[in-house]
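*Asks:* Right, I'll just put the structure down here and ask away after.
The values are calculated or read from the model by the stated rules, or taken from the named source; none is laboratory data. Small disclaimer: the values here were computed from a predicted structure and weren't measured. As a convention, Cβ positions derive from the backbone with ideal geometry for all residues, glycine included, and neighbour counts pool all protein chains shown.
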Amino acid sequence: MIELEALKFDKEGLIPCVVQDFYTNQVLTVAYMNQESVAETLKTKQMTFYSRSRQELWSKGETSGNTQELVELVADCDQDALVAKVIKAGPACHTGSESCFTAPLYQDEEKKAFSVADLYQLVLDRKVNPQEKSYTSYLFAKGNEKILKKIGEESTEVVIGAMKESKEETTYEIADLIYHLLVLMANNEIVPAEILEELSKRQVVDKKVKQETLQ
């Protein structure tokens, strides 16, 4: 539990706050807070910052509607910086981007990072912003029945690839299956973090209960 009295504000009474997406850990923005805005955030569970340009408090989303619900607020070891994990409703950046850090000044394309969370966000974007020639948007338009049919087909192809003992083909088909599973998740408002949380509860590596029926 954060202790407001223990926080070390600078000479202007401010403390920097890094805001992260609760589900993906993506950095959304960096803003400043004062003692009053921290207290208001803790009270309402809605992110409230201090505007250095306007010299006043402002609640995220008060004009745009793109609010940020507080899940966790922690201070660093020196108590002079904060990290807020939030559930966002809409883009975090005033430009309309999901994050204020989505357009890097420099990035080595050969070392460009990739994650399932990134792919999920791309899939989700095709649901929220349908594209005319996008296969993903087509699946969302057709709905759960079509998506489930494709998952069945891709699952079969994984089995066929594995039966052939072809690592290359099995890898390719597993990738197809994972993609279609992400589409199903997005269509049913399930985020990757919820799957990971469920797996962590089960301790599946050593304690997964066998489902075979004894004869």
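*Asks:* Are there helices (runs of 4 or more DSSP H) fully within region 128-215 with at least 3 residues that are exposed (fewer than 10 other Cβ atoms within 10 Å of the Cβ), at pLDDT below 95 and of a type in the set (Lys, Arg)? List them.
*Replies:* Working: elements: 135-142, 144-163, 167-187, 192-202, 204-207.
Filter on region 128-215 gives an empty set.
*Asks:* For region 47-71, which residues satisfy the criterion of being in contact (Cβ under 8 Å) with a residue 40 or more places away in the chain and under 11 Å from PRO91 (Cα atoms)?
*Replies:* Selection gives GLN68 alone.
*Asks:* Which one is nearest to THR24 (Cα to Cα), of the residues in region 42-95 that are in contact with a helix residue (DSSP H, G or I) (Cβ under 7 Å, 6 or more places away or on another chain) and not in a strand (DSSP E or B)?
*Replies:* MET47
*Asks:* Let me ask you something else. Which ones in region 1-58 are of a type in the set (Asp, Glu), surrounded by fewer than 17 Cβ atoms within 10 Å (Cβ to Cβ) and touching a strand residue (DSSP E or B) at 6+ places or on another chain (Cβ under 7 Å)?
*Replies:* Looking only at region 1-58, we keep the residues that are of a type in the set (Asp, Glu), and these are 3, 5, 10, 12, 21, 36, 40, 56.
Narrowing the set further to residues that are surrounded by fewer than 17 Cβ atoms within 10 Å (Cβ to Cβ) leaves 3, 5, 10, 12, 36, 56.
Hit for region 1-58 is GLU36, nothing else.
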